[in-house]
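To start, the structure itself, in structure tokens.
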Amino acid sequence: MNRTLQKKLGQILSLAAIVSLLAGNGPAIAAKGEPARQNFQVGQPLQAPGITLPQGTVIVEVQRADVTGDRVPDDVLLVGKPLSDNPSYYRPLSVVVRDGKSGQFSALPDTRTGQYLAGYEPSMFIGDFSGDKVGDVMVTVATGGSGGTSNHLIATWTSGKPSVIFGEQENQGLKITGKYLDGFKAELYSPVLDKSFLVDVSGLKEQYIQAKVYDASGKYIYRDPNRGNQRNAADIFSDPFSVLTPTDVNQDGVYELRGMQSVWGPFHVLTFTQVASTWAYRGGKWQVTDAQYTLTYPITAGK
Ligand SMILES: [Ca+2]
Ligand SMILES: [Ca+2]
């Protein structure tokens, strides 16, 4: 037998030995140095040594994925406290990770959850947004408010502790403000895009006239009674995201976010456009890669 063959055979043998060790006699070997698996049940209280959760906090969703970046699967738990008089509403919610290697628990910082991460139908999505090919944790929860908005949070665990990369500020999206102009037009501005744009709002003409926002000739007449019948500096605003969906736009394995926001003024009922935007996390910052608006007006039978 020549040396190369001998060496090769040795490699094959040692490989076979490793395989049989791992496939072998279960936990005694596989779990060497690793903590035993824990069985987490949805709806049950969470016992998590080392972290403090409000009394009454239960497990809402459980997923198993490596989020710390060491390739050892971790337990990722969405937890929340149901309100006693409205048990489908959770406040606060949090994400707790049990490190698969150390068994240590860590939770999102209270300062980033508190009042913000609260609401109905909370759900969790794990995917890479930050670009390091390690899953990040996204939480979506409906606020239940009249604007139909949702709150969203994305956190990464790769530095050993949770770090929020998308929170309350980011959920304001394009932060559009604006003013109506005579002739059923709106001038909008997004500080995020650093861009102004003009929108034709004549599709809601009847509603504006009825609400005494415009007169029939198209002159803007609304004055804010709360401000001594002065004209407001801005009378158009955007809601936080109503929908924010992870989408891998360019199919490179890193998720982008696609969001929708309502734009309205001076009253919420006068929502005249939906703005769609796509966001990518690049170089530690969220960047808008695409933004569009659509006007949707009801088609009524003409006279
Ligand atoms: Ca891990
Ligand atoms: Ca990541």
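Values quoted throughout were computed directly from the atomic coordinates according to the rules given, and no laboratory measurement underlies them. Computed from a prediction, not measured in an experiment: that's the story for all the values here. So basically every Cβ, Gly included, is an ideal-geometry build from the backbone, and we count neighbours across all protein chains shown.
Could you compute Rg(Cα) / (2.2 N^0.38 Å) for the chain, with N its residue count? It would help to have the intermediate numbers written out before the result.
Details: Rg = 26.3 Å, N = 303, 2.2 N^0.38 = 19.3 Å.
Normalised by 2.2 N^0.38 Å, the Cα Rg of the chain equals 1.36.
Taking a 29 Å limit on the Cα-Cα distance, which of the listed pairs Lys175/Lys205; Lys81/Lys133; Lys81/Lys179; Lys175/Lys212; Lys205/Lys285; Lys133/Lys195 fall beyond it? Walk me through the numbers on the way to the answer.
Values: Lys175/Lys205 25 Å; Lys81/Lys133 32 Å; Lys81/Lys179 41 Å; Lys175/Lys212 26 Å; Lys205/Lys285 40 Å; Lys133/Lys195 33 Å.
Checking Cα-Cα distances, Lys81/Lys133; Lys81/Lys179; Lys205/Lys285; Lys133/Lys195 exceed 29 Å.
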Review point. Cα axis of helix 3-23 to longest principal axis of the chain: angle in degrees, 0 to 90, nearest 10?
Key: 70 degrees
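Quick check for me: using +1 on Lys/Arg Cβ and -1 on Asp/Glu Cβ, what's the dipole size of the range 171-303 about its Cα centre, in debye to the nearest 20?
Numbers: 14 positive and 13 negative charges, 91 e Å.
Dipole about the Cα centre, nearest 20: 440 debye.
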Practice item. With label points built 7 Å along Cα→Cβ from the Cα atoms of Val42 and Ser88, find their separation and express it in nm. Key: 1.5 nm
Check your understanding: Computed over the Cα atoms, what is the radius of gyration of the range 58-168 divided by 2.2 N^0.38 Å, N being its residue count?
Key -> 1.04
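Just rank Thr271, Thr300, fewest to most, by other beta-carbon atoms within 10 angstrom. Don't skip to the answer; put the middle values down first.
Numbers: Thr271 17, Thr300 7.
Starting with the residue having the fewest Cβ neighbours, the order is Thr300, Thr271.
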Point to revise | Straight-distance crosslink candidates among aspartates and glutamates, where the alpha carbon sits under 15 Å from Lys101 and sequence neighbours closer than 8 are dropped | key: Glu34, Asp66, Asp70, Asp74, Asp75
Revision key, fill the gap. Projecting the Cα atoms of Ile299, Tyr214, Ser159 onto the charge dipole of the chain, where Lys and Arg contribute +1 and Asp and Glu -1 at Cβ, the residue farthest towards the positive end is Ser159
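Roughly how big is the chain's charge dipole about its Cα centre, with Cβ charges of +1 (Lys, Arg) and -1 (Asp, Glu), in debye to the nearest 20? Before the final figure, lay out each step's value.
Values: 28 positive and 28 negative charges, 83 e Å.
Result for the chain is approximately 400 debye, rounded to the nearest 20.
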Review point. By counting other Cβ atoms within 10 Å of each Cβ, how are Leu198, Leu46 ranked from fewest to most?
Key: Leu198, Leu46
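How high is the FRET efficiency from Glu121 to Gln172, r the C-beta distance, R0 30 Å, rounded to 0.05?
Numbers: r = 21 Å, r/R0 = 0.71.
Calculated value: 0.90.
Evaluate the charge dipole of the range 210-264 about its Cα centre and quote only its size in Debye, nearest 20, assuming +1 on the Cβ of each Lys and Arg and -1 on the Cβ of each Asp and Glu. Provide the component values of the computation, followed by the final result.
On the way: 6 positive and 7 negative charges, 112 e Å.
So the magnitude is around 540 debye.
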Exercise for review: Identify which of Gly284, Gly148, Gly80 has the largest mean-square fluctuation in a Gaussian network model of the chain, with springs joining Cα atoms closer than 10 Å.
Suggested key: Gly284
